Amino acid sequence: MVAFALRRFLTMIPILILISIAVFTLAKLMPGDALSGKIDPNNANPEYIAKMRESLGFNDPIPVQYGRWVSGFLWGDLGDSFNHKMPVTQLIGERLPNTIFLMSMSLVFTYLGALVMGMIAARRRFTWIDNIIVTLNYIGYAIPSFFAAIVCIYVFAILLGWVPASGSIGVDVEQGSLSYYLSKVGHTILPAAVLGLFNTAAYTQFLRNDIIEGSSKDYVRTAMAKGTGESAIYNKHILRNSLIPMVTFLGLDIGNLLGGAVIVETIFTYPGLGQLFINSINNRDYSVVMSITMLLTFMALLGNLIADWLYSVVDPRIRLK
């Protein structure tokens, strides 16, 4: 396992290098820079702007700027945010816990909902319960996340008032208290549900179809002939085999949810990496944009590594070689 993980990490290095070159190049091709995002050239002294650009290294050759950025990145120095006037490492460190908590709740909703609804739909296939679940899945497929977010805000936050519509914590809540954690959960429920809506529908349908297909396999008929109970057959035999592809989705979701959080966090004004990413693009805060993009890339590669490792945990017949 250690040798496998080491080989996978080594293969990640050239991918990260290529992505870093692409990200740095795109950032340089975009109009303006972090300095022009904070200073209006029409209202500032041109000599002052030129002096600032020279002191910040914006006039250096592109390879020199790239090398300086990469060397700082490797040592944990992601630069400074011109918009927030603080180191990018500190800025991301403040927003990352919110995004991780949002992703964690979304994964819980997704896999718990898919597991329950997929099992019910498969064991009650072609009944009215199955038809309702399948219909809800198709609706979840069709609704874009931004539209689902607006509808959920209007229904659950405005009309019903069950959950807050924005933010990550209530006002005047003492940090570390029970009210603090309850408020944090309450603010995260709605965006987490919207973030995991599409995946819940997709995984429910996938699990349903895979369980139905698995119920006709030879080993299932053999277990039935031996007198094994229906619940044991579904829970121990069929479900265990059906969970193997779901492990792949779990690894991919680590990267995909970070990308999907960009839209959800922006709509719900949830202070995470997604909202920070959009605001940094609008403010031309490229040091933040490049750092978050590299973080998304690394998390996606790490997710694939975790998925490969979990294969052998779910099914002992699979060995990493």
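Sparse packing (at most 12 other Cβ atoms within 10 Å of the Cβ) combined with a DSSP loop state is found for the following chymotrypsin sites (Phe, Trp or Tyr not before Pro) in the range 151-211: Trp162. Dipole check for the range 136-271: with +1 at the C-beta of Lys and Arg, -1 at the C-beta of Asp and Glu, and the Cα centre as origin, the magnitude is about 500 Debye. The largest accessible area among Asp308, Asp80, Asp172 belongs to the first residue in Asp172, Asp80, Asp308, and the rest follow in falling order (1.4 Å probe, all chains).
What does the helix-only formula give at 222 nm for the chain: each DSSP H stretch with n ≥ 4 adding -39500 (n - 2.57), the total divided by the residues, and the result rounded to the nearest 500 deg cm²/dmol?
Roughly -24000 deg cm²/dmol at 222 nm, from the helical runs in the chain.
Given a Förster distance of 30 angstrom, what is the FRET efficiency for Leu160 paired with Leu252, based on the Cβ-Cβ distance and rounded to 0.05? It comes out at approximately 0.35. Rolling a 1.4 angstrom probe over the protein heavy atoms with all chains in place gives the chain an accessible area of 55 Å² per residue.
Restricting attention to the chain, lysine pairs at least eight places apart or on different chains and with alpha-carbon atoms under 24 angstrom apart total 9. For Val108 and Tyr141, the FRET efficiency from 1/(1 + (r/R0)^6), where r spans their Cβ atoms and R0 equals 35 Å, is about 0.95. Between Asp172 and Ser216, the FRET efficiency estimated from the beta carbon spacing at R0 = 51 angstrom works out to 0.30. Cα centroid separation, the range 174-223 to the range 79-153: 9 Å. Want the number for Ala3 to Phe298: 0.36 nm per residue separation, take away the alpha-carbon distance, what's left? Extending this stretch completely gives an extra 104.2 nm. Name the residue from Thr222, Ala193, Asn256 whose Cα lies farthest towards the positive end of the charge dipole of the range 130-256, charges +1 on Cβ of Lys and Arg and -1 on Cβ of Asp and Glu. The residue sitting most towards the positive pole is Thr222. Kindly list the residues of the range 69-98 that lie in the label zone of Lys51, defined by a backbone N under 14 Å from the point 7 Å along the Cα-to-C-beta vector. It comes to no residues whatsoever. Taking all protein chains together, Asp77, Asp210, Asp130 sort by accessible area into Asp77, Asp210, Asp130, largest first [probe 1.4 Å].
Taking the Cα centre of the range 213-299 as origin, sum charge times position over the Cβ atoms of Lys and Arg (+1) and Asp and Glu (-1), and report the length of that vector in debye to the nearest 20.
360
Computed over the chain, relative contact order equals 26 percent, with contacts defined as Cα pairs under 8 Å that lie 6+ residues apart. Carbon and sulfur: what percent of the chain's accessible surface (1.4 Å probe)? It is 67 percent, rounded to a whole number. The angle between the Cα long axis of helix 239-267 and the main principal axis of the chain comes to about 30°, on a 0 to 90 degree scale. Rounded to whole numbers, the Karplus 3J(HN,Hα) couplings from phi for the range 70-87 are 5, 5, x, 5, 5, 9, x, 9, 8, x, 10, 8, 6, 7, 9, 6, 7, x Hz, using 6.51 cos²θ - 1.76 cosθ + 1.60 with θ = phi - 60°, and x at Gly and Pro.
Taking 0.36 nm per residue of sequence separation and subtracting the Cα-Cα distance, how much length would be gained by fully extending the chain between Thr127 and Tyr66, in nm to one decimal?
15.9 nm
Per-residue surface analysis assigns Phe146 an accessible area of about 110 Å², computed on protein heavy atoms at 1.4 Å probe radius.
Filter the trypsin sites (Lys or Arg not before Pro) in the range 45-122 to those in DSSP coil with at most 10 other Cβ atoms within 10 Å of their Cβ, and list the result.
Lys85
Calculated from the structure at hand, Rg/Rh (Cα atoms, Kirkwood Rh) is found among (i) 0.95; (ii) 1.06; (iii) 0.97 as (ii).
The values are calculated or read from the model by the stated rules, or taken from the named source; none is laboratory data. Please read these numbers as outputs of a predicted model, since none were measured by experiment. Because the Cβ atoms are built from the backbone with ideal geometry, glycine has one as well, and the counts that use them run over all protein chains shown. With ligands, DNA and RNA removed, areas are computed over all heavy atoms of the protein, side chains included. Shrake-Rupley method; radii C 1.70, N 1.55, O 1.52, S 1.80 Å.
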